[in-house]
1. Over the chain, what relative contact order in percent results from Cα pairs under 8 Å that are six or more residues apart?
2. Pairs on different chains or at least eight residues apart, Cα atoms closer than 25 Å: how many lysine pairs in segment 1-158 fit?
3. What ³J(HN,Hα) values, in whole Hz, does the Karplus curve 6.51 cos²θ - 1.76 cosθ + 1.60 give for segment 162-172 when θ = phi - 60°, with x put for Gly and Pro?
4. Tell me the net charge near Gly29. Cut-off is 13 Å between Cβ atoms, Gly29 excluded, with +1 for each Lys or Arg and -1 for each Asp or Glu.
5. Explain nothing, just the number: dipole magnitude of the chain about its Cα centre with +1 on each Lys and Arg Cβ and -1 on each Asp and Glu Cβ, in debye rounded to the nearest 20.
6. For the chain, with all protein chains present and a 1.4 Å probe, just round the carbon and sulfur fraction of the accessible area to a whole percent.
7. Rounded to the nearest Å, what's the spacing between the alpha carbon centres of segment 1-79 and segment 148-176? Just the number, please.
8. In square nanometres and to one decimal, what's the mean projected area of the convex hull around the Cα atoms of the chain?
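The values are calculated or read from the model by the stated rules, or taken from the named source; none is laboratory data. Values in this document were obtained by computation on a predicted structure and should not be read as measured data. Here the Cβ positions follow ideal geometry from the backbone for every residue, glycine too, while neighbour counts run over all protein chains shown. Note: areas computed on protein heavy atoms with side chains; ligands, DNA, RNA excluded. Shrake-Rupley method; radii C 1.70, N 1.55, O 1.52, S 1.80 Å.
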Amino acid sequence: MRNIGPIVLLGPPGAGKGTQSKRIADRYGIPQISTGDLLRENVQRRTDLGLKAEAQMARGDLVPDNLVCDMVAWRLRDTDCERGFILDGFPRTVRQALWLDAFLKHQFLENPKRHVCSPIVVRFDVDYNKLSLRLNGRRTCPACGLIYNIHLQPPQVDELCDVDGSKLIMRDDDRYEVIQERLATYERQTMPVAEYYARERRLISVNADRPVDEVTAQLFQEIESHAAATASG
Ligand code: AP5
């Protein structure tokens, strides 16, 4: 199997990062590492990390950098990340981005089995006016993780997953007041991350206002070009 390398997906809440991550993971056989999902699992299991993160997540604020970076470091050491991985929702602050650069350099250089190449960084650009509808209508399957939207991509049977019939759930932070705070947090703390990668000429922008399949097609194209350029260079 081919090496794909790290893929970083940036974008505001509801931009489609999770939806597209699952398609990229299926196509290339690399894991989706969603810091939001990992944190929600910790909250659910009442771990130390979950107890520390719960209040910030409920308000729509970011969890402190050191906690998130430690969690990502643990996950990236797993062997399923050797050919590449998708970071969905990380980095979200400039400090996280600097940490990631340093981690990839050291962790991957030390281990000859790991594929060393700079990440492909993609920013999803979306019209903010559409995000409330996307987030408020989002429903997720607790069993397989598939993401639906009751307005835009509804399941065949109301509130049930098409794949396994589980009852779909709505996320606690998809309430209107929390959505506003999450968007403000994105502007304040994550937009500078995109600027950091743009300054380094490592940022690719994708128009994520288009239908899901069109966004996927462009992402696959960008990933193929990046993988080819890395292999030849
Ligand atoms: P997280 O879980 O990462 O949430 P988020 O970034 O706010 O992103 P979302 O999962 O809401 O949206 P998405 O872009 O994945 O959209 P999706 O594909 O689901 O983070 C949650 C919290 O955890 C944070 O607030 C923070 O507290 C904490 N956290 C996480 N990471 C952290 C970090 N690194 N540092 C510190 N704290 C962190 O799609 C949304 C909806 O739109 C769906 O219904 C979907 O069907 C629909 N849709 C998708 N694409 C399209 C399309 N092209 N057209 C129409 N509809 C579409």
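1. This gives 29 percent for the chain.
2. Lysine pairs meeting the criterion: 6.
3. 5, 7, 10, x, 5, 6, 6, 10, 9, 6, 4
4. +2
5. 380
6. It is 51 percent, rounded to a whole number.
7. 21
8. 12.6
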